[in-house]
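Please read the structure below before turning to the comments.
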Amino acid sequence: MKNKKTAGHIAILITNIIFGLNTVISRTITPDIVSPFTLSFCRMTGAMILFWTVSLFTKKEKVSLKDIGLLALTSLFALVFNQIPFIMGLSKTSPVDASIILTILPIVSMLLAALFLKEPITVKKTAGVMIGAGGALLLILSQHKGGLGSGSTLGNLIIIGSVLSYSIYLTLFKPIVTKYSPVTAMKWMFLFATIISLPICYGDVAATDWASLTLSAYLRIGYVVIFATFITYFLIPVSQKVLRPTTISMYNYLQPIVGAIIAVALHLDSFGWEKLLSGGLVFLGVYLVTRSKSREQVERDES
C-alpha cells in the first residue's frame with residue numbers, strides 16, 4: 001500500500017508540473033491564435049483519439065450500461081465544465097489572477113469532502129491547506145508587486161466555476177473513476193466530452209484558419225493536448241485510487257512554483273528568498289495534509 005501511495009504522489013506531482021506549464025502556454029495561444037472553444041475542442045478530441053488508440057493495446061474491460069452513464073456524468077464535471085470554462089476564463093484574465101484563483105481548489109475540496117464524504121476537517125489538515133495557500137500566494141504576489149496584471153472580473157468568475165467543477169469531480173466521482181483502469185475510464189469520459197462540446201465549439205473550430213497557423217502554434221497546441229490533457233488525465237486516476245481529494249488538490253499549489261522555476265531557468269526572473277520560502281511552505285502544507293487523519297482513522301480511534 002505504501003508503494004501505491006508513493007506512486008500516487010508521484011503521479012499527481014507530475015500532473016501539476018505539467019499543469020503549471022500549461023497555464024502559461026495556453027495563454028500564449030488563446031485568444032490571439034485560436035479561440036478558447038477551438039483549443040478546448042482540440043483537447044477533448046485529441047485526448048479521446050489517444051485514449052481510444054491506447055485502449056486497443058491494453059486489457060479490455062467490460063463497462064456496464066449504468067457505469068457508462070455515470071462516466072458520461074463524470075465527464076461533465078471533470079472535462080466539459082472544467083476545461084472549457086478554464087480556457088475561456090484564462091483568455092479573458094491574466095495568468096496571475098488565474099494562479100491565485102486556483103489556490104482555492106484545496107479549500108473547496110476539503111469542504112466538499114467533509115460535506116459529502118464525511119472526511120474530518122482536522123487542525124492538521126486545515127493548517128496544511130492554509131500554509132500551502134500562503135506559500136503559493138506569497139510567490140504569486142511577490143512576483144507581481146505592481147498589481148495583478150490585466151485581469152477581469154468576468155474571466156476570474158469563469159475560472160472560479162471551473163475550479164468548483166474540478167473539486168466536485170475529485171470529491172464525488174472517485175468511486176466510478178477508480179473502478180476501472182485510467183485508459184478505460186478516460187476513453188469513455190473524453191468520448192462523451194467530445195460529443196457534448198461539439199455543438200458548443202463547432203462554430204469556432206470551423207472558423208479557424210488552420211493553414212495559417214505556424215509550427216510554433218501547432219507545437220503549443222500539441223503540448224496542451226498530449227501533455228496537459230492526455231498524460232495528466234491518465235495520471236490523475238492513479239492518484240485518486242490511493243490519495244484523498246484534499247491531498248490531491250494540495251499539489252495544485254505547485255503550479256505557480258513551476259512557473260517561477262521556468263522563469264528563472266529562462267533568465268526572466270531571479271531566484272530570491274520568496275521562492276525558497278514559498279516552496280518550503282507548499283511542501284510543508286502537503287506534508288501536513290498527508291499526515292492528517294482520514295475518516296477511517298478517526299473512526300478506529302473512537303471505537
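Pairing each residue of the range 281-301 that is buried (at least 16 other Cβ atoms within 10 Å of the Cβ) with any residue that is at pLDDT 80 or above and polar (S, T, N, Q), provided the two are 6+ apart or on different chains, yields C-beta distances under 6 Å for Val289/Thr246; Val289/Thr247; Thr290/Thr247; Ser292/Thr122.
Yes or no, residue by residue, for (1) over 14 Å from Ile84 (Cβ atoms); (2) open to solvent by 10 Å² or more (accessible area, probe 1.4 Å); (3) touching a residue at least 12 places away in the same chain (Cβ under 8 Å):
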| residue | (1), (2), (3) |
| --- | --- |
| Pro175 | yes, yes, no |
| Ser181 | yes, yes, yes |
| Ala211 | yes, yes, no |
| Ala217 | yes, no, yes |
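Scanning the range 32-84 for residues that are within 21 Å of Tyr223 (Cα to Cα), of a type outside the set (S, T, N, Q) and part of a loop (DSSP other than H, G, I, E, B), we see that the one that is most open to solvent (accessible area, probe 1.4 Å) is Asp32. All conditions but one from (1) modelled with pLDDT under 85; (2) open to solvent by 50 Å² or more (accessible area, probe 1.4 Å) apply to Leu139; the one that does not is (2). Which residues, taken from the range 63-78, are under 14 Å from the mean Cα position of the chain (by Cα) and more than 16 Å from Thr184 (Cβ to Cβ)? The answer is Phe77, and nothing else. Check the range 151-158 and report whether any residue there is modelled with pLDDT of 90 or more, open to solvent by 20 Å² or more (accessible area, probe 1.4 Å) and either touching a strand residue (DSSP E or B) at 6+ places or on another chain (Cβ under 8 Å) or not aliphatic (A, V, I, L, M) (or both). Checked against the condition, which is being modelled with pLDDT of 90 or more, open to solvent by 20 Å² or more (accessible area, probe 1.4 Å) and either touching a strand residue (DSSP E or B) at 6+ places or on another chain (Cβ under 8 Å) or not aliphatic (A, V, I, L, M) (or both), the range 151-158 yields no hits at all. The number of residues in the range 94-114 that are without any contact (Cβ under 8 Å) to a residue 40 or more places away in the chain and in contact with a Lys or Arg (Cβ under 8 Å, 6 or more places away or on another chain) comes to 0.
Residues in the range 105-128 that are more than 14 Å from Gly285 (Cα to Cα) and either at pLDDT below 85 or open to solvent by 40 Å² or more (accessible area, probe 1.4 Å) (or both): Leu111, Leu115, Phe116, Leu117, Lys118, Ile121. The helices (runs of 4 or more DSSP H) found entirely in the range 163-260 that carry 2 or more residues being under 24 Å from Thr45 (Cβ atoms), under 19 Å from the mean Cα position of the chain (by Cα) and of a type outside the set (Lys, Arg) are 174-179, 182-207, 215-222, 232-240. Does the range 228-242 contain any residue that is of a type outside the set (Phe, Trp, Tyr) and open to solvent by 70 Å² or more (accessible area, probe 1.4 Å)? Looking for residues that are of a type outside the set (Phe, Trp, Tyr) and open to solvent by 70 Å² or more (accessible area, probe 1.4 Å), one finds at least one in the range 228-242, hence yes. Is there a residue being aromatic (Phe, Trp, Tyr) and at pLDDT 80 or above anywhere in the range 260-273? No, the conditions are met nowhere in the range 260-273. A Cβ distance below 7 Å, combined with a sequence gap of six or more or placement on separate chains, defines the contacts here; from the range 37-58, residues that are closer than 28 Å to Met88 by Cα reach residues that are of a type in the set (Asp, Glu) and open to solvent by 30 Å² or more (accessible area, probe 1.4 Å) in the pairs Phe37/Asp204; Thr38/Asp204.
The values are calculated or read from the model by the stated rules, or taken from the named source; none is laboratory data. Just so you know, these numbers come straight off a predicted model, no measurement behind them. Here the Cβ is made from the backbone with ideal geometry for all residues, glycine too, and neighbour counts use every protein chain on show. All accessible areas refer to the heavy atoms of the entire protein, side chains included, with ligands and DNA or RNA removed. Shrake-Rupley method; radii C 1.70, N 1.55, O 1.52, S 1.80 Å.
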